[in-house]
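One structure is given below, encoded as structure tokens.
Computed from the coordinates by the stated procedures, all read-outs in this text should not be read as laboratory data. No experiment lies behind these values; they were computed from the predicted model shown. Note that we place each Cβ from the backbone using ideal geometry, even for glycine, and neighbour counts take in every protein chain shown.
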Amino acid sequence: MRIKISIMLKYVLGKIANSGKRSALGLFTDILLCSKKLEKQEYLIHKSDWDTLIILDACRYDYFEKEYTNFVNGKLKPVRSPASNTYMWLRKVFDKWYNLTIYSAHPAVNSLGIERSGYKASPHFRKIVDIWKKGWVEELSTVPPEEVNKVVLKDITKGLFKGRNIIWYMQPHAPWIGKTKLTGFGEGWDDKESLHEIWAKIRKGEIDKKKLREAYRDNLRLVLKSVSELVPYLNGKTVITSDHGELLGEYGMFEHPPNWKVKELRVVPWLEVESKKSSLINRRNQK
């Protein structure tokens, strides 16, 4: 669905009242950013010449832009995601069979044939490595980024990391396990009552937005640190991107509701990083 004009106007008028004309103009610029002629992420995924695609779940472009240079170097640009949550993104980006291996910390992307929100990942990819099965840490209720690195580095060492690969980290998606922590989500992926309780506290103001945003930023820093440690071992061109962004109180909303077309959810990073050498020749030989 589209954001109702009344919600936009209410938000804009509030900005005018609190911060003056300049802030209101800035807000209109932000809202309209998704209407600008950004490149389509799905086109770049399928048509550009990358060897490894790294997905940071729920990573906003604006936060990434401020943080990435402390961890990795490369050429960054904003691109338009086709969806505002993971399940719709998967259906829109990977709707056929692809000669790709996915190293997945996300339980929705699994090799077991388990369908999540209308999407079954296993028929769409050459291979899915279920990092989430052994890498899940119960007390954190997520897969820490270092667990992803362990599996990928092990396969690189064994010579099993071949062809084109996708590496899917869960961070900066909640729960927030970086320096500023917001956890306590219960045990396991399907225990969502505690997750809703945490978000309810945030919506009620019992956990303030400043702390939420710090926790999100620190979760991003945590995963970028792991990415920076992995990238030197990856041959060829590595691209870092995200499936969608995250609302952290903008428009009075949180998380990543489906079908929203605002920059915080639909503008994501596309960072091209050149690693130590190209594996394009090997990749062509494996087709």
(message) If I model a spin label at residue 140 and residue 225 as a point 7 Å from the Cα along the Cα→Cβ vector, what separation in nanometres do I get?
(response) 1.0 nm
(message) Residue by residue through the range 110-122, what is 3J(HN,Hα) from phi via Karplus (6.51 cos²θ - 1.76 cosθ + 1.60, θ = phi - 60°)? Round to whole Hz and write x for glycine and proline.
(response) 9, 8, 8, x, 7, 8, 10, 6, x, 10, 10, 6, 4
(request) Holding the Cα-Cα limit at 27 Å, pick out from 179/237; 92/261; 47/77 the pairs that are longer than that. (result) 179/237
(message) Neighbour counts of other C-beta atoms within 10 Å: give me 138, 197 arranged from fewest to most.
(response) 138, 197
(request) Quick one: P(r) of the range 41-286 from all Cα-Cα pairs, 10 Å bins, percents rounded to integers, in order of increasing distance. (result) 7, 33, 40, 17, 3, 0
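Take peptides 53-63, 221-231 and line them up by average Cβ neighbours within 10 Å, highest first, as a rough protection proxy.
Working: 53-63: 23.5, 221-231: 20.2.
Taking the mean over residues of other Cβ atoms within 10 Å, the ranking is 53-63, 221-231.
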(message) Roughly how far apart, in whole Å, are the Cα centres of the range 119-152 and the range 201-220?
(response) 26 Å
(request) Pull up all non-local amide H partners of residue 79: gap of 5 or more, or a different chain, and H-to-H distance under 5 Å with H placed in the peptide plane. (result) 268, 270
(message) Restricting the calculation to Cα positions, tell me the Rg (one decimal) and the Dmax (whole number) of the range 79-122 in Å.
(response) 10.4, 31
(request) Using amide H atoms built 1.01 Å from N in the peptide plane, name the residues 5+ places from residue 102, or on other chains, whose amide H lies under 5 Å from its own. (result) 127, 128, 129, 166
(request) Treat the count of other C-beta atoms within 10 Å as a stand-in for reagent exposure and order 93, 267, 151 from fewest to most. (result) 93, 151, 267
(message) Only counting other Cβ atoms within 10 Å, I'd like 196, 106 sorted with the fewest neighbours first.
(response) 196, 106
(message) Could you sort the peptides 74-82, 113-121, 160-168, 247-255 by per-residue average Cβ neighbour count (10 Å cutoff), highest mean leading?
(response) 160-168, 74-82, 247-255, 113-121
